[in-house]
Every structure is written in structure tokens, then in C-alpha cells.
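Have a look at the structure below, then the notes.
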Amino acid sequence: MKANKAKRGTRSVPQRNVGFTVNGEYHQLNVGREVGEIAPSDTLAWTLRETLGLTGTKISCDSGACGCCTVIMDGNAVLSCKVLTIECQGKTITTIEGLKDPKTGALDPLQRAFIDHTAFQCGYCTPGMIMTAKALLNENPHPTEGEVKEALSGNFCRCISHYQVIEAVMAATDEGK
Amino acid sequence: MGDNYRYIGKPTPRSDAAGIVTGAVLYFDDLKFQNLLHGKVLRSPHAHALVKRIDKSKAEALPGVKAVLTWEDIPDWKGGTPRTLRVLDKKVRYMGDAVALVAATSETIAEEALDLIDVEYEVLPAVFDLDSALKPDAPLVYDEFPGNIIPGGTIIYGPNCLKGVVRGDVDKGFAEADVITEGTFGYENIPNALPAESVGAVALWEEPNRVTVWGTSQAPYMDKVTLFHVFNRQVEIRTIGNHVGGSFGTKIMCWQVQAYAVLLSRATGRPVKVMFTKEEHMAAFTLRVGSRIHARVGMKKDGTLTAIQGTWYVDTGYYSFTTQAQVAVGSGELMIMAQCPNWDLKNIVVATNRNASGSTRGFGGQELKCSFIPLLCLAMQKAGLDPFDVLKKNYVKPGGGYYWRDGQWYQYRGIDYSTAMDKGAEKFGWKKKWKGWLTPTAVNGSKRIGIGVGVHGNADVGEDAAEAYVQLGYNGTATIFLCVAEHGTGQKSNYAKMAAEVLQIPLERISMTPADSLVTPFEFGPVGSRGTYAIGSAVINAAEDGKRKLFEFAAPKLGVHPEDLETADGIVFVKGHPEKTLKWRALGNDRTILGYGRFEPDFTLCNCMMSFVEVEVDTETGKVTLLRVVLATDVGQIIDPLGLEGQLNGCIGSAGIDSAIFEETILNPASGHILNANMIDYKWRTFSELPTIEHVVLETPIPTHRFHAVGVGEVATSPGPSAVLMAVSNAVGTWLYEYPVTPQRVLRALGKVGNAKRGDTK
């Protein structure tokens, strides 16, 4: 989705590009209006999904309220619908597709814990939940349950998988001990 | 139980689990299409108006715009019940109604084109609630519906569709009553089930009359049926479902977004995608129905109900699709929870100039009970009775019965749920905590604790026909052909478990076709609680049929009769002679064994959910905190324990229990504008405020299901809201009747603030 309705002008945009790393792969994308380019109004969520084909990142509210589009940027969980792609120069981004071990393909312990606890129902909020929790565990490998709840308090889940998510995150934490 | 199952009841990972946690699972919005156009909807800024003139020339001239459609450009395609609502009309009936459709090469261009469409409206007076809609000279939402009353009944439930409950002699019933209470009670905050994924569709039209539709519905085959009628039975439709990002009943209402995509594809010859923004999802898609009853109830001193009489007013917003069906099911559900010999319960479905209400988890029953139980509470208070005892006493038991949606009387042949209720009460500590009506359980300074209880059950566990195929593979595999899109209940994985159990092959050897109406037989869709009993039985029957055909093939080769055979792990063997075997491989790779299974509707069973809630009310701030929920049910046999746990925890979300505490859709009473159609102003529960939820799940075998199970997913939400109202009233010591119990309402009830109303229901 677009952050703002862009005004279509005839004035040419000065050619420039934005380079950033997604799941270990460096992308340099021109700013422009052609397919494969970045419009100034493109959100990171849009670019990930529509330009780079990484549809694991979900868009729900598209206005920073629900946490579904959460990715990790330079170590922090961010709402990718509230980040403009043209602001991502030099950033390092991890999406849900990038959590597996790139060499072995093994799932991250957090992903395994989500499977073991059936910590999802419809699964639409799950990528955002996992990325938020992952950022927490990177920062704080042994959080309390309260800290887990606090970290996930911006993640909307309508099926109410919260309880099983907490169990899964705490289990992944134990595994790390 | 005596059943030693290999998969049933065991915790097994969902078959889509790895895809969900890696982001690989494809939801509708993740699909890619060649040559795709993007569709957008121009929406009305008025709640009620005639479209006098539309100038679309500027929009059509915008580079990248491929089609602009108004009511003048489209066939006379209509939906709704009865089929009255044109897909685009010359009249708009709510703020947000569709005025024009645009297809363009990008979403941005389509949005720009919307701004270039010039519409002249003649604004009409509007009705936003039951009171204004039912006034004698009220403006009419439809010329076809005098008095704004939409005719009752729905054709899919047959010619005698339940339109009201008339039984026995209410005068006699009231004469026998020891207490009679009467009043008007409502559940009119029209909360939104609000799944995370919005709604959308892609359509690809092929001349002269074929179309394929991809969408967000969990019931693609029923979409095919619905659209067939909308398109005047002249279009051949193929529907394809995907992973669904939550539905809670709402996404069987996708026919409009699908029709928009179809019209735009028909106009452009290209695939067109229409995906509602979150604002459209919240302001132009399904809300709960508004519910209000004016009724009288008679009861004996021992809690026996003697008469129920009154009218149920149902506000459906600007049109009805499923509302008459919800009225039928809801009325039957009330009979299930309130066994009473004498009834006269009428109903009226009312059209108003706001976004439409329709199918939502609880499907009429939740809405009716949230209105009825407060009335029942007054009777129980008057008789000095404990609500747990009364609700348990009046719930249907073997030998009891009810009218169901087709207007027929059904004798209940299920189990007595009293044991589950007793176990729930014990777990909750009900008898110890109950201090009497309008009496808090405990008082700690300014904080008071109150408890409440509610009950709900639905005879939809066996509703509607279901069909499935199960194909056996020569290498010991099986494929289930079934038109169900996984929408979060995990049922697709459960069907694999059921088939694996019948065929005794490893779970990973079961696969399932996509939900594609061109590939699979008919399936109504996983709605209500029919997934386990109805759909599950179709899959089981198909697997049994496949196994029977396998044995017919193997028997002559083993020199025995088919009934002498058994199979496990891709090997057929003779019972009692395990050394006499034939591998499925003997079928050869040039043979297909296809089992067919069908389930015929069966309304003689219902499920049951009792909710106990404990709340804390801060009498200084008016805030209500949900402390604890205990859910009590009996599922016959657990299929998947972790999946069941999730479904039961769902009681607080999706316009469930929280619709009594803080969830509401707020309409500007002057303009009809929805003021909170975004996920910040529409309140939802966060991880920081989770109550304790405990489950009491009994397993008393249901004889008529192969694995003795019934579904309970849908009903987890339904008994909760009225229980909260009861609990808060008990905590503060005075009745609260309006949903949700906002701090303002609590403080008003306590006499701490005045009567100033903010978008309150009347």
C-alpha cells in the first residue's frame, strides 16, 4: 500500500537509488515509477511484498496500529507500514523469510516453538508476532512473561492465540538457556 | 472411552504450521497474477441519497484507467435476502455505499481516478437506528420494504423457514408463573469481528459467460452458489479459496467485493483485484446485527420457565444477506437454552442507513441472548434464584426439543450437558462466590468484584450438506478433495487426522486439494460449529468409501471377502491372519480409487458452552477489568487439543466477550458516519490485559459421529457478553443494561456522572 496518495506530476524525479540488505541479500533499487523501482511514497511493507516478492510480511491495518507488518531493522522491531523505503539507505532488514538458518534451512527455535504450541490460528498475525518476539529475544534472551507481554502489546491477534504465543516465546527462551 | 486412536485426540502439528511460521503460506493478497488491474470503489459521502448525475469523463481520461463503471453501466445484478440490492444502484443507502468502480493499472491511479469522478447527489433524510426507522413516516431505505421492515425467511432454509417461535399457550403460561418480568433490552453496539486480513477478490472473466474468482472467503463453494444467483443464473462461476486471515463468520459475506471484481474484469477483459482497505473493512463490511427485544417472561419459584412472549427487533443496516437466517438460528438457539412450553416470540428485521450487519460468529443466537438474558436476570432476581441453577435447569436435555431453522420441531437426542456445567461451576468456585443478586463477591476499597454466568448452544453442529472425495494412491497415500479454505480453526488438519485414522496411514501421507469449486464436490463451508460433525463426517464417509473399494479390489486376490479385511500403513491384511497381506501398491500406478462421502443435515444434536466470568470494577474510574473466564463444554471427543485450546481462548476476541467491555462501532447519530473505523479508535485487547482463561472440556462420546465428536469453536464467544453484564451489575450493586459497560456507563450507574450521552444507544 502507499503511504500517501502521490501527486502525479510531469516534473522528472532526479535519478537516485536506495541500497539496503534484506535477509542477507543486498538490494539497490532506483527511485522512480517503473516496475521494480521505488516510488517516494512506497512503504517498506509495500516494497518487501510487491517489489521484492517477500509476501511473508503481512499488511493488516496499514497504519501502524496492529503490528502485522513487523520486521527487524538494524536489530529493532519496526512497523514496516510506517517506514518509507526511500529512508532505508544502508539498513539491514530481516523478515520472516529470513529467520531460517540460511545454510541448513533449519527453523529458528522461535519458529519451532510456535509450531509445537500451535501458537496461531488463522496465522495472519504470526509473522509479525514472531519478528517482534525475535527482536525481544535478541535484546533480552531471558525475558520474564511480563516482558514478553509488554513487547507484544502492539501486536493484534483476533483469534486470541496470545496465550499460546506467550507459551511458545517462553519455551524458545528456555531453549536458549 | 475404549477408543485407542492413533491421531484423534493427540496433539499433532497443524499441517500448515511450517508455512505459517515461515511466511510461506499464501493468503489471498499474496497471490500474483499476470496482467493484473487494480480496482477501487468510489463510496458515498451521504448516508441516504439519490445519484442524480455522474460525470466519469475525467476519470476515464486519466492514463492507466481501464474502466469506470456506474449503476448505468452494469447488468441488473442483485444480491441480498430477498434479492433486492443492486451491485451498484442509483440510490445510496449508507455512508460508504458503492457509487462507482474503477479499474486501473495501479492502485494509486485507481485512487486518483476516484477523485476525478463527479457525482451529483440529492440527499435524502436517513434513519440510523430502530426507533427512527420504525416511525410511521420514516424515510424508506427501500421502496420495496414498507415501514423499513425486510420480509422474514430465507429461501435456503426452505419454505417454512423459522420466522418466530409460537408454541403452547402463553396466557396459560403467564397464569402459572410465580414471577413475571417485562422490559426492553438490547445489544446494539454493532461490534466488528474484525479479522486481521481484510476482504478482497480477483476475478478473471472469459467471454461470453465464464468467470474465475479468487477470494478471502472460507466457503468458496457457497460463493459460487451465491454469485450464480446474483448474476441472474447466467454466468458459469469457478471459485478458489486460499488461506484466510480470520473470518469469525463474516467472510461468507464477500459477494459484493467479488461482484465488483467480476464487473471490472468483464469490462476490461483482464484480471482485476479489489482489496478493501482496513477502513473499508471496518466501515463497509460486516458488523454484528443490532438486537433489541421487548419481551415478557414468566417463571415459577423453582426456576421453571412458563412463558416467553415478545418481539425481537433486528437492525440489519442497509441490507440483509444472512440476517433472516440468523433470526431463524438465533430463535432456535434461544429455545435450546430456555426450554419453555409456551412461546410467542415474534421478530422484525429492520433496514437502517448504516453499514450492513450480517453473519458473525454467534449468528443471531449471541445477539438474541445478550438481549434476553438481562430480562431473565430480573425474573431470577425476583424469584431469588441463583442464575447458574436456572440456566442449567432450562438447558435442553434428552427428551427435550426445539424448533430449528427449517420450521420443524426436533427432539433432542444428544447428551445432558449438566455435568459439564457442574464441573465448570466447581472449577470457577461459583457456589462459594455467589452472594446473591446485585451483591459483589468482594469489596477491596474502591474496587468491587462481581461474577456472572451465561450459556449458549447451537444445533448447527450438523447443519447443511457436506461432500468430499478421498482418493487412495497406490503408494499408500490419500488425497482429500474438499472445498474448505483454512480460516484459522485448524479444521483442514483435523480432516487429515480423521482420514488418516480411518485409513490407518501416517498423517504426512495425506494431502488435500486447494478449495477449488472446479475440482472438489459441494461443501457449504466451515461456518457455525459444523466443521467437526458435518464436514468431518463427509470426509470420514469418503475415506470409508475409498477403503471399501480398496477391500473389494483386494479381496479376490487374497481369496477372502472384503469384510474380512483391514488395512494399516498401506498394507491390506486379513483379520486374524496378519501374514496374509496385499500392499496398496498392488493397485498399480494406472488405477484410481475414489471414495465419495456425503453428510446429510441433522438438527437433532447441539453443542453447549457455559461461560463463567469474574470482573473487577473500579468505582472511582468506572473501569471494568476482566479477571477470569472459565469455559465449560463437552465435545464428545477432542480431535486436536491445542487447536481446541486456541478456539476456546477465542471467546474474548472477534466481537465476543469484549463486546460487553469496550468493543463498539460508534456512529455519528447526525450523519451516520462511523467514527472509529480504524484500529486505534476501535478498541481491542492487547497482551498486557489478558484475563485468566480456564477450560473444562468433557468427552462424553456422541454416538453418531465416527469419532464421537461435535464442534464447539463458534460458540466460545456467545455466552460471555451477557455474563459480563451480570457480573458488572452484581459488582456495582445496580443493573447495567447497555453494552459495552464503558467507564461512563459504570459511573452513571453509580450516580457519579450525569446523563450526558455520547453516541449511546437509546
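Values for this structure:
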read-out	value
Helices (runs of 4 or more DSSP H) enclosed by region B:219-295 - at least 1 residues per element that are more than 14 Å from chain A (Cβ to nearest Cβ)	B:220-230, B:255-268
Tabulated pairs, region A:155-172, first closer than 17 Å to B:PRO13 by Cα and facing another protein chain (nearest Cβ under 7 Å), second of a type in the set (Gly, Ala, Ser) and in a helix (DSSP H, G or I), C-beta under 7 angstrom, 6+ apart or interchain	A:SER161/B:GLY646; A:GLN164/B:GLY646
Qualifying residue in region B:369-384 (condition: under 23 Å from B:GLY656 (Cβ atoms), under 23 Å from the mean Cα position of the chain (by Cα) and either part of a loop (DSSP other than H, G, I, E, B) or not assigned by TED's automatic domain parsing to the domain that holds B:GLY713 (or both))	no
Residue selected from region B:689-717 under the condition in a loop (DSSP other than H, G, I, E, B) and more than 19 Å from B:ASN541 (Cα to Cα), by the criterion nearest to the other protein chains (Cβ to nearest Cβ)	B:LEU690
Pair list, Cβ under 6 Å, 6 or more apart: region A:24-49 residue within 15 Å of A:LYS82 (Cα to Cα) and within 14 Å of chain B (Cβ to nearest Cβ), other residue buried (at least 16 other Cβ atoms within 10 Å of the Cβ) and among the basic types (Lys, Arg)	A:SER41/A:LYS2
Test: residue in region A:99-119 that is of a type in the set (S, T, N, Q) and in a helix (DSSP H, G or I)	yes
Total residues in region B:1-40, condition on the phi > 0 side of the Ramachandran plot and within 8 Å of another protein chain (Cβ to nearest Cβ)	1
Identity of the residue in region A:120-150, among the small types (Gly, Ala, Ser) and more than 8 Å from every other protein chain (Cβ to nearest Cβ), that ends up surrounded by the fewest Cβ atoms within 10 Å (Cβ to Cβ)	A:GLY146
Scan of region B:348-367 for residues that are buried (at least 24 other Cβ atoms within 10 Å of the Cβ) and more than 14 Å from the chain's Cα centre (by Cα), ordered by number	B:VAL349, B:VAL350, B:ALA351, B:THR352, B:ASN353, B:ARG354, B:ASN355, B:ALA356
Out of B:THR184, B:THR216, B:THR212, sole residue that is touching a residue at least 12 places away in the same chain (Cβ under 8 Å), touching a Lys or Arg at 6+ places or on another chain (Cβ under 9 Å) and over 28 Å from B:ARG354 (Cα atoms)	B:THR212
Strands (runs of 3 or more DSSP E) contained in region B:543-657 and holding at least 1 residues out of contact with any Lys or Arg (no Cβ under 6 Å at 6 or more places or on another chain) and within 30 Å of B:HIS487 (Cα to Cα)	B:593-599, B:609-618, B:624-634
Flag if A:ILE93 is facing chain B (nearest Cβ under 10 Å) and outside any loop (DSSP other than H, G, I, E, B)	no
In region B:120-160, the residues that are among the acidic types (Asp, Glu) and either crowded, with 19+ Cβ neighbours inside 10 Å or closer than 27 Å to B:VAL225 by Cβ (or both)	B:ASP129, B:GLU144
All positions within region A:50-80 that are within 14 Å of chain B (Cβ to nearest Cβ) and either polar (S, T, N, Q) or farther than 23 Å from A:ASP108 by Cβ (or both)	A:GLU50, A:THR51, A:THR55, A:THR57, A:SER60, A:CYS61, A:ASP62, A:SER63, A:GLY64, A:ALA65, A:THR70, A:SER80
Test for B:LEU194: is it assigned to a loop (DSSP other than H, G, I, E, B), farther than 23 Å from B:VAL349 by Cα and out of contact with any Phe, Trp or Tyr (no Cβ under 6 Å at 6 or more places or on another chain)	yes
Answer from B:GLY173, B:GLY186, B:GLY168 - the residue that is away from chain A (no Cβ under 14 Å), modelled with pLDDT of 95 or more and surrounded by 24 or more Cβ atoms within 10 Å (Cβ to Cβ)	B:GLY173
Filter result for A:THR21 (at pLDDT 95 or above and either surrounded by 18 or more Cβ atoms within 10 Å (Cβ to Cβ) or within 11 Å of chain B (Cβ to nearest Cβ) (or both))	no
Any hit, region B:718-740, residues being small (Gly, Ala, Ser), free of Cβ contacts under 8 Å to residues at least 24 places away in the same chain and part of a loop (DSSP other than H, G, I, E, B)	no
Residue within region B:669-678 that is in contact with a Cys (Cβ under 8 Å, 6 or more places away or on another chain), assigned to a loop (DSSP other than H, G, I, E, B), of a type outside the set (A, V, I, L, M, F, W, C) and not assigned by TED's automatic domain parsing to the domain that holds B:VAL539 present	yes
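Residues are listed down the side, and each one gets a yes or a no for (1) surrounded by fewer than 24 Cβ atoms within 10 Å (Cβ to Cβ); (2) at pLDDT 95 or above; (3) assigned by TED's automatic domain parsing to the domain that holds B:SER217:
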{"position": "B:THR250", "(1), (2), (3)": "no, yes, yes"}
{"position": "B:ALA259", "(1), (2), (3)": "no, yes, yes"}
{"position": "B:ALA283", "(1), (2), (3)": "no, yes, no"}
{"position": "B:GLY303", "(1), (2), (3)": "yes, yes, no"}
{"position": "B:GLN309", "(1), (2), (3)": "yes, yes, no"}
{"position": "B:VAL314", "(1), (2), (3)": "no, yes, no"}
{"position": "B:MET337", "(1), (2), (3)": "no, yes, no"}
{"position": "B:ASP344", "(1), (2), (3)": "yes, yes, no"}
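One line per residue, one yes/no per condition, for (1) among the aliphatic types (A, V, I, L, M); (2) buried (at least 20 other Cβ atoms within 10 Å of the Cβ); (3) more than 14 Å from A:THR132 (Cβ to Cβ); (4) without any contact (Cβ under 8 Å) to a residue 24 or more places away in the chain:
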| residue | (1), (2), (3), (4) |
| --- | --- |
| A:THR55 | no, yes, yes, yes |
| A:CYS61 | no, yes, yes, no |
| A:GLY67 | no, yes, no, no |
| A:THR70 | no, yes, no, no |
| A:GLY75 | no, no, no, no |
| A:LEU84 | yes, no, yes, no |
| A:GLY90 | no, no, yes, no |
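The values are calculated or read from the model by the stated rules, or taken from the named source; none is laboratory data. Please read these numbers as outputs of a predicted model, since none were measured by experiment. FYI the Cβ positions are ideal-geometry reconstructions off the backbone, even for glycines, and counts take in every protein chain you see.
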